[in-house]
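Comments concern the structure below.
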Amino acid sequence: MSIFDVAIGFTIMMGLLLMGLPVASVMVTMGVVGGMVLYGPVLLQSMGPVIWGTSNEPVLTAIPLFILLGELLLRSGLADRMYGALALWLGRLPGGLLHTNIGCCALFAATSGSSVATAATVGTVALPALEERAYRPSRSLGSLAAGGTLGILIPPSVNLLVYGSLASVSVGQLFIAGVVPGILLTMLFMVFIAVQDILTHTDKHDDVVIPWSVKIAALRHLVPAAVVFLIVMGSIYLGIATPTESAALAVIVALGFVAAEGKLTLGFLDICFRKTAKTTGMILLIIVAAFTLNVTLALGGITGVISAWVAQQGLSMVELLFALMLFYLILGMFMDVLSMQVLTIPIFVPIVVQAGVDPIWFGIFVVLMCELGMITPPVGMNLYVVQGVRGDRGPFSDVVAGAVPYAGLMLLFTSALIFWPQVVTWLPQAVGR
């Protein structure tokens, strides 16, 4: 098999996806048809054990638990009070409530693990206050779309779980590796908002002086997010729980917070469980389909063919990573996050590891580039989510114009990580787990 054959197969698969066919169906079809062409019916005997083994992967058990955790906190109304508390502390900074958008997204990301849920929830809470204070729509919407992307980087993250499963690396180390980049990216967004406000003076911040007693009292609304984050990361850091066990502990604590809010009813649980089941079924179906395709990729030696072709190009490690940045940037304009991950991780991880890249670092790199795809048109999911929750039904161009500067910041941030990988690798190495 030559690199030309691989390119034809990839082009066919991308064409089917762009036609709107389901991702799982395309991957299973390509895996089975490609395998039958290469090896005949004997390949089907290998598919069964792979599907069974994938379905029984212990780390995948954490996915429904983290999704349920996000659903419980999402639908309990805690985000409203969280936003109000942060507004009291950040409202007087240059940029005003735009800082609250980013801060609330970062905190909610530490509990939901979902970019779309983060953008939708915080956007629903924030936009009425932003419109009331006459913030420029592009800046408001852009900060919400970009802040929502933090949901798949700051742990716990379902996308990091998916990467860990596909790349066979420690999910615990991935979670720990995401902490410092997540904090730094949040700070970078907030610095940009402050500088933009100082230079343009287009938006008003809160001039009302809030008593310290009120600010301190409001901090209690941040407790649920902080406790859930500490339980997940603390239990993994201390080595007393696996990611799946930490997710179960967090769900139990979240149920306690929901009960304290008086929302723990059968109807509430029914909605949360149904939504969790639907989302989990979609994710696991795609993962199983990806492993089915991986059987054909492995038996056909396709990864080896691509690795040999890359080696022939004489690219350095830095050049290779920048080439992958460009590839993901283009791919993210047309595909959703999960599809990008399951299609590229099994192929690229062996190549970059052979080039000397730490697979934990590459996991953060992939998630950052997938984040970028959430705010790049025409298929930037967060752009449509934020546009959907705005009340004035203004033009979609407002969201795009507001998100473009953040996309540039994310490219710069990812580029910096290429030259200073210690930003990602330092904490996992220090923890040693």
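The values are calculated or read from the model by the stated rules, or taken from the named source; none is laboratory data. This one's a predicted model, so the numbers in the text were calculated from it and none came from an experiment. Virtual Cβ from ideal backbone geometry, glycine too; neighbours counted across all protein chains shown. When the accessible area is computed, the model is the full protein with side chains, heavy atoms only, and any ligands, DNA or RNA have been set aside. Shrake-Rupley method; radii C 1.70, N 1.55, O 1.52, S 1.80 Å.
Averaging the Cα positions of each part gives two centres, and for segment 238-273 and segment 87-126 these lie 22 Å apart.
Pop out the carbon and sulfur fraction of the accessible area of the chain as a percent, whole number, probe 1.4 Å.
Values: 12750 of 17920 Å².
Exposed carbon and sulfur together represent 71 percent of the surface.
Using a probe of 1.4 angstrom and keeping all protein chains present, the accessible surface of the chain works out to 41 square angstrom per residue.
Classify segment 1-70 as rounded, prolate or oblate, taking a ≥ b ≥ c as the square roots of the eigenvalues of its Cα gyration tensor: rounded when a/c is under 1.5, otherwise prolate if a/b is larger than b/c and oblate if not. Write out the running numbers ahead of the final one.
Numbers: a/c = 2.78, a/b = 1.47, b/c = 1.88.
Taking the square roots of the gyration eigenvalues as a ≥ b ≥ c, segment 1-70 is oblate.
With every protein chain in place and a 1.4 angstrom probe, the accessible-area ranking of ILE231, ILE252, largest first, reads ILE252, ILE231. Give the residue from ILE351, ILE216, VAL169 lying farthest towards the positive end of the charge dipole for the chain; charges sit on Cβ (+1 for Lys and Arg, -1 for Asp and Glu) and the dipole is referred to the Cα centre. Value computed over the given set: ILE216. A straight Cα-to-Cα reach below 13 Å connects LYS278 with the aspartates and glutamates GLU71, ASP270, residues fewer than 8 places away in its own chain not being considered. By a 1.4 Å probe calculation restricted to protein chains, TYR237 has an accessible surface near 120 Å², given to the nearest 10.
In percent, what relative contact order does the chain have, based on Cα pairs under 8 Å that are 6 or more apart in sequence?
Contact order relative to length: 26 percent.
Using Stokes-Einstein with the Kirkwood hydrodynamic radius over Cα pairs, what translational diffusion coefficient do you get for segment 185-309 at 37 °C and a viscosity of 0.692 mPa s, in µm²/s rounded to a whole number? Mind dumping the intermediate values first?
Numbers: Rh = 20.3 Å.
Answer, rounded: 162 µm²/s.
Compute the Cα gyration tensor for segment 82-225, then decide on rounded, prolate or oblate, letting a ≥ b ≥ c be the square roots of its eigenvalues: rounded whenever a/c is under 1.5, prolate when a/b is larger than b/c in the other cases, and oblate in all that remain. Don't jump to the answer; show the numbers that get you there.
Working: a/c = 2.21, a/b = 1.74, b/c = 1.27.
Taking the square roots of the gyration eigenvalues as a ≥ b ≥ c, segment 82-225 is prolate.
Mean projected area of the convex hull spanned by the Cα atoms of segment 26-123, taken over all viewing directions: 9.2 nm².
Alpha-carbon geometry of segment 275-433: the Rg and the Dmax are 17.8, 54 Å, given in that order.
By the gyration tensor of its Cα atoms, with a ≥ b ≥ c the square roots of the eigenvalues, what is the shape of segment 214-286: rounded for a/c under 1.5, prolate for a/b over b/c, or oblate? Taking the square roots of the gyration eigenvalues as a ≥ b ≥ c, segment 214-286 is oblate. Once the mean 1/r over all distinct Cα pairs of the chain is inverted, what Kirkwood radius in angstroms do you read off? Every distinct Cα pair counted, the radius reaches 22.4 Å.
Using the Cβ-Cβ distance between LEU199 and GLU319 with R0 = 51 Å, the FRET efficiency computed as 1/(1 + (r/R0)^6) comes to roughly 0.90. Ordered by 1.4 Å accessible area with all protein chains kept, PHE413, PHE322 run largest first as PHE322, PHE413.
If I take every Cα pair under 8 Å that is 6 or more residues apart in segment 151-256, average their sequence separation and divide by the length, what percent do I get for the relative contact order? Please list the in-between numbers first.
Details: 61 pairs, mean separation 26.9, N = 106.
So the answer I get is 25 percent.
If one computes the Cα centroid of segment 147-178 and of segment 304-377, what distance in Å separates the two points? The two parts, judged by their Cα centres, are 16 Å apart. By the helix-only formula, in which each DSSP H run with n ≥ 4 contributes -39500 (n - 2.57) and the sum is divided by residues, the chain has a 222 nm mean residue ellipticity of -25500 deg cm²/dmol. Here segment 388-433 and segment 21-42 have alpha carbon centers that stand 35 Å from each other.
Taking the longest Cα principal axis of the chain as reference, the axis of helix 78-90 is set at about 60 degrees.
Surface listing: HIS221, HIS201 arranged by accessible area from highest to lowest gives HIS201, HIS221, probe 1.4 Å.
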